[in-house]
């Protein structure tokens with residue numbers, strides 16, 4: 001079993017603008033995950049589209065849902081399903097590029113799953129209490145749909161290790177990733193605990 005899995009996190013514009021960077025980082029550090037890099041920057045629009053990595057099948061499926069919802073609410077249908085689907089990513093890109101964001105790479109045993117557990121479900125309204133999204137935001141899909149914007153859920157995290165590697169290579173350079181020993185790892189991973197006493 002690998003003890004050095006990496007995962008990728010973006011603290012989104014609402015996390016930055018609400019001054020929650022320290023609070024969010026503290027939650028990750030307290031689990032024992034090691035920060036391998038932090039980079040504060042504006043997200044590039046073209047990279048955002050690559051990050052979300054959706055195809056016409058996805059756009060069509062999501063757009064059909066939008067068309068159905070608009071029909072049920074007696075709203076005009078003015079675009080193709082694909083265009084409505086692309087509107088979802090357009091709104092995300094607009095949101096992700098409106099302010100600086102913080103890129104993080106975290107390392108440790110089951111890093112992807114640990115971070116997902118701490119972050120909580122994508123929709124803040126249904127995220128459990130005790131998660132970052134559940135504790136720090138009250139937005140919902142319904143409200144964001146009414147407003148025609150992306151849901152403001154503070155943070156992105158990778159869903160699986162392969163996705164984390166793809167996202168890390170998209171947003172960061174290899175030299176951005178720092179290799180170092182974290183002394184706390186001895187208490188977490190040292191089998192014999194023989195390196196702790198002086």
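Where a number appears in this text, it was derived from the coordinates with a stated rule and is not lab data. These numbers come from a predicted model, not from an experiment. So basically every Cβ, Gly included, is an ideal-geometry build from the backbone, and we count neighbours across all protein chains shown.
Listed values, structure above:
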{"item": "Cα long-axis angle, helix 81-96 against the chain (0 to 90 degrees, to the nearest 10)", "result": "50"}
{"item": "Label corresponding to percent of Cα pairs over 29 Å apart when calculated from the structure given, among [x] 24; [y] 30; [z] 19", "result": "[y]"}
{"item": "Distance between modelled label sites at residue 45 and residue 192, nm, 7 Å Cα→Cβ extension", "result": "5.9"}
{"item": "Whole-number percent relative contact order across the chain, with pairs defined as alpha carbons under 8 Å at least 6 apart", "result": "33"}
{"item": "Modelled FRET efficiency - R0 30 Å, residue 30 with residue 142, Cβ distances, 0.05 increments", "result": "0.40"}
{"item": "In degrees, nearest ten, helix 21-31 long axis to first principal axis of the chain (Cα)", "result": "50"}
{"item": "Efficiency of FRET between residue 55 and residue 97 - r from beta-carbon atoms, R0 25 angstrom, step 0.05", "result": "0.70"}
{"item": "Neighbour-count order for 157, 98, fewest beta carbons within 10 angstrom listed first", "result": "98, 157"}
{"item": "Kirkwood estimate for the stretch 1-107, i.e. one over the average of 1/r between Cα atoms, Å", "result": "16.2"}
{"item": "Theoretical ellipticity at 222 nm over the chain - DSSP helices of four or more residues, -39500 (n - 2.57) apiece, nearest 500", "result": "-13500 deg cm²/dmol"}
{"item": "Sites residue 165 and residue 73 - FRET efficiency at Förster radius 41 Å, r taken between beta-carbons, to 0.05", "result": "0.50"}
